[in-house]
Each structure stands twice: as C-alpha cells, then as structure tokens.
Amino acid sequence: MNLKKLSAAALSILLTSTLALAQTGELIFSYDFESTKDGWSGRQNEKLELTGDAAHNGKQCLKVSNRQASWNGGMVKSDGLKAGHSYYFECYVMYYNSKHKTHKHQLCASYKLNGETKYVDLRTITCKSGYWYKVYATISFPNDVTDIGFYVQSLYKENNETNNDRLDIYIDDALCYEDTTVAPVEMVNPDSITSLKDYYSKYFKIGTSVSTYELSKEIATKHIKKHCNSITCENETKPDALLDQKKTQATGKVCVTINDNTKAIMDFCVENDIAFRGHTLVWYSQTPDWFFNKDFKDNGTKLNKTDMSIRLEQYVQAVFEAISSTCPNLKLYAFDVVNEAFENDGGGIRGWSNWSNIYKDESFMDSAFTYARKYAPKNCKLYYNDYNEYMTKKTDDMYNLVKRLYDNGVCDGVGMQSHLDCSYPTVDDVRTTIKKFLSIGDNIDLQVTELDITIKNNYTDKDQAALYKGLFDLYVEHADHISSVTLWGTSDGVSWRKENNQRPLLFDDSYSPKLSYFAVVHEDAPEYLTADPIKYPAPDPEPDVIGKLLSVNDEALENLKIYGKTGVVVIETANNAKVDVCIFQIDGRMVGHYTIDGYAEISLPSGVYIVDKQKIVIM
Ligand code: G3I
C-alpha cells in the first residue's frame with residue numbers, strides 16, 4: 001500500500017507517531033506487506049514472499065528465504081529515490097531460530113557511481129530471536145548516482161560464514177521519506193580534481209600497481225592516465241608470469257616470454273608515456289619450483305649453487321632481452337632485483353626460500369644484482385625491495401645488504417614497500433628509516449614502491465588522511481633522494497587489502513577521491529567527506545515487542561501443544577524441544593516472552609490471550 005493514497009489526516013498521524021525525528025519531506029514509499037511487495041527484490045537468488053507466519057503490525061510481513069550468503073537480503077528500490085537528495089528509511093526486522101539467540105542485521109544502501117556499485121553500511125543492530133527491531137537511518141545520496149536502493153542483510157562476513165548468517169529475515173512496516181533537514185551532497189567530479197602526478201611533478205613520479213583486467217575499464221584507464229606517470233605490474237612481471245617452462249625445457253636454457261597480459265600493460269605505458277617499474281626478478285614467492293630443479297622438471301633434485309648461478313644469469317639476461325625486444329619503447333626506469341629476502345625481526349635471510357636453501361648465504365643477491373647491472377638498460381636503476389622496512393632490525397638487515405651492493409656499484413637504491421596501517425608506523429618511524437637508508441651513500445635513491453594504509457579497529461578515514469599527509473610531506477622533504485612514490489593499487493575496490501573494509505588507498509571503489517587524496521594535495525576536502533553522512537547514530541534500539549511471533553517455520557514448533565487450564569496456559573513441546581513463545585493480550589499488548597523446555601504452566605489472570613495464533617481462554 002502506498003501511503004500517498006491515504007488521506008492527509010491518516011498520513012500525518014502515521015508520520016508524527018512513527019517518525020517525529022525530523023522535518024519530513026515527501027513520502028517516497030511505505031509498505032505494510034498486507035497486500036504487496038512490489039518494488040522489493042533479493043540481491044541474488046533469494047525468495048521473497050508475503051507471509052502470515054509473523055507480523056510486526058497487521059497480519060503479514062515480508063519473508064526473505066533461500067539466502068546463500070550474509071549479504072543476501074531484501075532490497076527496495078523506487079523511482080522516487082533521486083541522486084543529490086537525502087532520505088530517511090526505516091523498517092522492522094526479525095529472525096527466528098531457537099538455537100541462535102542473537103543475530104546481527106545490517107541496514108545498508110547502495111547506488112551506482114561511474115558504473116561502480118557502492119555499498120554503504122547504515123547501521124548494524126543486534127537482535128534477539130523472535131523480537132521485532134526498528135532499524136533506521138538517513139543517508140544523503142551524492143549527485144550523479146543511479147540505481148539507489150535500501151536493503152537489509154545479515155552482518156556482512158567475507159569469510160567463515162555459517163548457516164546462522166543465512167537465516168530467513170522477516171521485514172515489516174518499511175517506509176521512506178525525503179529528509180529535507182539534510183543538505184544534498186555536492187559530489188566532487190573526479191575529472192575536475194588536481195592530478196597527483198602534476199602536483200608532485202617537481203619532486204617525484206607518482207606510480208600505481210596495475211593488473212591487466214583493469215585496463216578494460218575506462219574509469220580505471222582514465223584515472224591512471226590522469227594521476228600516474230609510473231606503473232608497476234601487480235603480478236604480470238613476477239617470475240611465474242615470465243618464465244616459460246616449455247621453451248626452457250625445449251632449449252635447455254632459461255627462456256622468458258612476455259605474455260599477452262604483461263604486454264598489454266607495457267603497451268599501455270608506451271601509448272600513454274608512462275614510465276615502468278619492473279617487479280621482480282628474485283623472490284621466494286611466485287617463482288615456480290621447476291626453475292630450481294635439474295632439467296627444469298616439476299619434481300626434480302635441486303641444483304647446486306654453481307649451476308643455479310648459471311641459470312640465474314640466463315634468467316636475468318632473458319628478462320631484459322624479452323622486454324626490450326617485445327616492447328622496445330618501454331621507459332623501463334627501475335627494477336626490483338631482489339624482493340623480500342629478509343625475515344622481519346632481524347632474523348637475517350628468510351629461511352624458507354629455494355634461493356636461501358640452495359645458496360645457504362646471501363650471495364644469490366650479490367649475483368642477481370651483478371647480472372642485473374650487466375643486462376639492464378643503462379637508465380634502469382636497480383633496487384632491493386622489502387616490507388616492514390621501518391622495523392629497526394629489518395632496517396639494519398636491509399641497510400647492511402644495500403650498503404655492500406651499493407659500494408660494489410651494482411645497486412642504486414632501496415624500495416620501501418610501505419604496506420602500513422593507521423596504527424603503525426608513525427611518520428617519525430619512517431623518518432628514522434629514511435635517514436638510515438640515506439646514510440648508505442650520497443647517490444643512494446629511495447623509492448616508495450607499494451604504499452597503502454589500512455584502516456582497522458577504531459581508526460577512521462581522518463586518521464588515514466593524517467598519516468598519508470605526514471608521509472607525503474616527509475617524502476617531499478627528502479625528494480632529492482626519492483625518485484618515485486607508488487601506491488599499491490588505483491582504488492580501494494581493487495586493492496589486495498580490500499577485504500574487511502580496510503580501504504587502504506587514496507581513491508574509493510568508484511575511483512572517487514577520498515579524504516586522504518585531499519590531504520596529500522593539500523586541498524580542502526568537500527564537506528561530505530568530513531561530515532558523517534549518516535544521521536541519527538543512536539545506540540542499538542530496544543526490541544519492539546508490539547507484534548506477534550507466530551509459527552515461524554521451525555521444527556520444534558510443529559508439535560507444539562498449547563491449551564488453557566484454570567489460571568494457567570500450558571505449553572508442551574515434543575521431545576523436550578526448546579521454543580520461544582510470546583503471549584499476547586487480545587488487544588495486542590504482549591504479556592511476556594517465554595522459553596519453554598518441554599513443558600511449562602504460565603499463570604495468568606482470567607481472560608482471553610493469543611498464543612501462537614490461537615485464542616486461549618483462562619478461567
Ligand atoms: O591468476 C590466478 C588465477 O588464475 C587463479 O584462479 C586465482 C586463484 O587464487 O589466483 C590468481 O592469482 C592470484 C594473483 O594474485 C592474481 O590475482 C594469486 O592467487 C594471488 O596470490 C596473487 O596475489 C598477489 C600477491 O602479491 C602474491 O604474492 C597480489 O595480487 C599482489 O598484490 C601481491 O603483491 C605483493 C608484492 O608483489 C610484493 N609485496 C607484497 C605485495 C602484497 O602481498
């Protein structure tokens with residue numbers, strides 16, 4: 001039923017009685033689910049039906065079943081929901097499961113921006129089984145978005161879902177009205193913002209990692225062209241992508257093939273005059289076992305150090321030759337010759353690596369750098385690259401290695417991966433690390449190679465923005481010795497750390513600039529990024545007990561016996577099964593909520609009661 005069809009008097013009663021929170025704008029929709037669910041749908045293959053099994057008010061509600069994931073649920077869309085407006089939405093939710101006493105439901109909104117769907121968690125509430133809870137929020141939808149909807153799901157879980165995360169959801173009494181008290185959002189147009197590469201052009205290159213699949217998205221390529229003048233392949237130039245086992249076995253010499261995925265990224269760089277970082281030659285990971293085995297066999301004996309060095313030289317030579325022959329115009333300006341060779345805590349060389357197992361010392365790194373210097377183009381600088389570089393014992397290990405290689409003329413610098421978190425490290429920790437690395441020599445070069453900052457626990461976008469700002473200011477201070485700063489991913493949605501809403505980059509899933517972007521280009525961020533877009537952040541509501549818990553489809557309820565005796569209602573369950581039952585007065589007010597374990601007599605004054613849809617008369 002659409003409330004627009006109700007009389008003005010009825011409408012005003014409903015609004016003042018249920019809302020009373022803010023000045024109301026136009027009512028967009030309301031549903032009591034007594035006659036229709038038009039406008040509602042699932043998010044995947046859920047079944048949505050009107051049911052008399054339960055109701056918050058009236059006789060029916062909406063039941064969402066056949067949920068395959070925590071994010072499956074009931075979603076409502078309406079042509080009345082417009083971009084650039086704010087809306088208040090509320091509904092009542094309930095679940096029933098006698099074994100699962102509490103469950104978290106989430107009210108969310110979603111919309112499309114620049115072709116990408118954005119999901120906004122509006123509110124999470126903890127519900128007790130069998131009780132109806134009101135869940136509500138106001139959200140401002142940005143300009144230019146489409147496909148707006150509200151939905152109810154279980155608390156989103158990326159991993160470790162159980163059947164409890166897919167329980168049926170009951171929804172009732174949903175309504176939505178425009179909230180004219182909240183100003184519409186003026187979204188920043190990504191085309192109008194300052195280019196990162198231009199902003200930092202005096203200081204260093206701005207890079208991003210790229211995976212081939214992103215090149216087929218116009219929004220991604222536009223973003224990269226605007227903001228970046230350096231690209232690192234996220235996976236496409238790692239040993240497992242380059243080494244060609246078939247050719248190698250056929251020729252008896254290490255062969256490298258630049259496959260179509262890798263070539264696509266290199267061609268993109270050439271077409272758009274973007275410089276290229278090579279990542280990586282020698283790594284314990286993503287390097288096939290056969291590379292270390294006799295006769296290049298999948299399962300063979302490992303080579304000795306001398307033979308492995310011959311193979312290492314062939315490999316390094318083959319990589320540089322393959323790049324220059326496949327993509328002669330590529331501006332290959334940097335290469336991570338060795339990646340992640342050290343343990344974190346100053347434990348020296350990583351033990352569990354084919355490289356360290358064969359060499360038993362650090363000399364594979366000296367050899368790799370010597371060969372890289374021999375075969376790399378003259379203007380391609382060579383780096384040792386690692387993470388947790390700011391942990392002091394690891395800084396020392398990296399320093400000692402790079403100092404030796406630098407003094408021997410085979411290494412140009414340190415790659416500081418910089419996979420950070422809002423909680424650690426601080427800007428001062430990074431300052432100390434940079435100073436230590438700069439003391440390697442006058443011409444040492446530093447590159448920030450994989451920067452991202454996760455937001456976890458109670459940290460916020462503002463904390464992330466502050467750390468990004470502190471770091472970029474620090475990089476500018478040392479710009480004479482920092483030649484590029486690469487972010488590990490273009491936008492939050494493609495980051496290797498995208499899970500659990502860690503949103504580690506400068507741009508969100510829709511490639512829109514975040515607070516952190518504005519922090520590093522030293523511009524004022526628009527209000528929608530600084531203000532909380534969700535109004536009424538009240539604590540978890542109390543359950544709304546006016547409503548009926550009826551025979552929800554639960555095995556334990558099937559053989560339930562309910563009857564009246566003098567002064568008591570008797571409730572019996574088969575096989576001592578546990579059930580939750582609500583008893584109501586005839587006018588709908590609840591008398592109580594009881595958990596019955598087989599048999600119970602509940603004393604009540606004489607009168608007529610409703611228990612599980614039945615009228616029970618107590619004398
Ligand atoms: O391409 C295969 C696909 O065919 C297969 O079906 C699928 C199944 O898991 O895997 C796909 O490969 C994945 C690959 O990314 C491409 O998406 C791998 O499983 C996955 O492990 C790999 O993760 C990469 C990771 O390095 C591997 O170590 C990340 O994308 C990449 O961001 C990450 O980057 C590393 C840097 O190289 C070094 N520093 C740390 C950084 C983050 O871990």
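Averaging Cα coordinates gives a centre for the stretch 424-500 and one for the stretch 292-333; these two points are 32 Å apart. The value obtained for the chain, namely the Cα convex hull volume divided by the number of residues, is 187 Å³ per residue. Global dimensions of the stretch 33-80 from alpha-carbon coordinates: Rg and Dmax equal 11.2, 30 Å.
Taken over the alpha carbons of the stretch 320-389 as equal point scatterers, the Debye sum produces base-10 log I(q)/I(0) values at 0.14, 0.21 Å⁻¹ of -0.52, -0.93. Model label points for VAL476 and VAL570, set 7 angstrom from Cα along the Cα-to-Cβ axis, are 8.3 nm apart. Could you tell me how many degrees, from 0 to 90 and to the nearest 10, lie between the Cα long axis of helix 363-375 and the main elongation axis, the longest principal axis, of the Cα atoms of the chain? For helix 363-375, the angle is close to 70 degrees. The base-10 log of I(q)/I(0) for the stretch 232-352, evaluated at q = 0.10, 0.12 Å⁻¹, reads -0.33, -0.47 [Debye formula, identical scatterers on Cα atoms, solvent excluded]. One chain, two ends: ASN443 and ASN559. Fully extended at 0.36 nm per residue, the span grows by 33.5 nm beyond their Cα-Cα distance.
Of the GluC sites (Glu not before Pro) in the stretch 163-245, the ones in a loop by DSSP (not H, G, I, E or B) with at most 15 other beta carbons within 10 Å are GLU186.
Between helix 8-18 and the chain there is an angle of about 60 degrees, using the helix long axis and the longest principal axis of the Cα atoms. Using only Cα atoms and rounding to the nearest 10 degrees, what angle (0 to 90) does helix 427-438 make with the longest principal axis of the chain? In the chain, helix 427-438 runs at an angle near 10 degrees to the longest axis.
Counted over all Cα-Cα pairs of the stretch 104-208, pairs farther apart than 18 Å make up 64 percent. Starting from the Cα of THR595, step 7 Å toward the Cβ, then list every residue of the stretch 93-107 with an amide N under 20 Å from that point. Under cut-off, by backbone N: 94-105. Restriction of the GluC sites (Glu not before Pro) in the stretch 20-88 to DSSP coil positions whose beta-carbon has at most 15 other beta-carbons within 10 angstrom yields GLU34.
Straightening the chain between HIS522 and ASN45 buys 167.1 nm, computed as 0.36 nm per residue apart minus the Cα-Cα spacing.
The slack between THR194 and LYS615, meaning 0.36 nm per residue of separation minus the straight C-alpha distance, is 144.6 nm.
Every read-out reported here was derived from the displayed coordinates using simple, explicitly stated rules and does not represent laboratory data. Because the structure is a prediction, the values reported are computed rather than measured. No Cβ is skipped: glycine too gets one built from the backbone with ideal geometry, and neighbour counts run over all protein chains shown.
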